[in-house]
1. Go over the candidates L122, L64 one by one and state the one that is out of contact with any Asp or Glu (no Cβ under 7 Å at 6 or more places or on another chain) and in contact (Cβ under 8 Å) with a residue 60 or more places away in the chain.
2. In this structure, does Q105 turn out to be touching a Cys at 6+ places or on another chain (Cβ under 9 Å), farther than 30 Å from N44 by Cβ and modelled with pLDDT of 95 or more?
3. So, of the residues in segment 38-74 that are out of contact with any Pro (no Cβ under 8 Å at 6 or more places or on another chain) and small (G, A, S), which turns out to be nearest to V138 (Cα to Cα)?
4. Would you check which residues across segment 87-97 are surrounded by fewer than 21 Cβ atoms within 10 Å (Cβ to Cβ) and either under 11 Å from T22 (Cα atoms) or in contact with a Gly (Cβ under 9 Å, 6 or more places away or on another chain) (or both) and list them?
5. Limited to segment 43-96, what total is found for residues that are of a type outside the set (F, W, Y), assigned to a helix (DSSP H, G or I) and within 22 Å of the chain's Cα centre (by Cα)?
6. Does K77 count as surrounded by fewer than 20 Cβ atoms within 10 Å (Cβ to Cβ) and out of contact with any Ser or Thr (no Cβ under 9 Å at 6 or more places or on another chain)?
7. What's the total number of residues in segment 140-165 that are surrounded by fewer than 15 Cβ atoms within 10 Å (Cβ to Cβ) and of a type outside the set (K, R)?
Amino acid sequence: METSTEQPKSALPELQRRHKATVTTVRVLLILSVLLSAIAFFINVSLPPRNNPSLDIAVRIIILIFGLGAITIRRTKFATMRLQDIGALKGASGLLITLQRTTLQVALLGAIIALVGFVATLLTGNPFYSYGAGLVAVAVLLYCYPIRSSWEKAIKRFAPGPQSN
């Protein structure tokens, strides 16, 4: 009787492909986040300062919620029990899909944080928004950065298949 669980060794090409695509995406978002802060630095002299207290509070709350939300999503979706269930039901392929999707979701939250800060800088002329949001975005992106050895350990631990040596 065949099960849906694949051998971890047969998942190696898919692991390499999905990991490389995810790393590339996270790196691009990391570069774009830093680039938005750099753009804010260079255009700061041409932006007229406008005080907007309601926007100030809204931007800070959005950055806080998205930053904490990114941590919560990653911790929830990478919970041991959840990964065990996915590995048992969907095998290594399902586990890799989960690792990739969750990492990309958290990375997109980081990019959104940087974008919100940049837009707030454009609206107010205050570069603090871009710098602060950029710093939080970089922290989120580094937090979700996919480490290949961790993905390999997750496959070995949560999606064990029949060993053929």
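The values are calculated or read from the model by the stated rules, or taken from the named source; none is laboratory data. Source: prediction; values computed, not measured. Methodologically, a virtual Cβ is constructed for each residue, glycine included, from the backbone with ideal geometry; neighbour enumeration extends over all protein chains shown.
1. Working: L64 fails: in contact (Cβ under 8 Å) with a residue 60 or more places away in the chain.
Result: L122 is the single residue among L122, L64 that is out of contact with any Asp or Glu (no Cβ under 7 Å at 6 or more places or on another chain) and in contact (Cβ under 8 Å) with a residue 60 or more places away in the chain.
2. Details: touching a Cys at 6+ places or on another chain (Cβ under 9 Å): yes; farther than 30 Å from N44 by Cβ: yes; modelled with pLDDT of 95 or more: yes.
So Q105 passes the test.
3. Looking at the filtered set, the residue picked out is G67.
4. Applying the first criterion (surrounded by fewer than 21 Cβ atoms within 10 Å (Cβ to Cβ)) to segment 87-97 yields 88-90, 93-94, 97.
Passing the criteria: G94, I97.
5. 30
6. Against the criterion (surrounded by fewer than 20 Cβ atoms within 10 Å (Cβ to Cβ) and out of contact with any Ser or Thr (no Cβ under 9 Å at 6 or more places or on another chain)), K77 does not qualify.
7. Count: 9.
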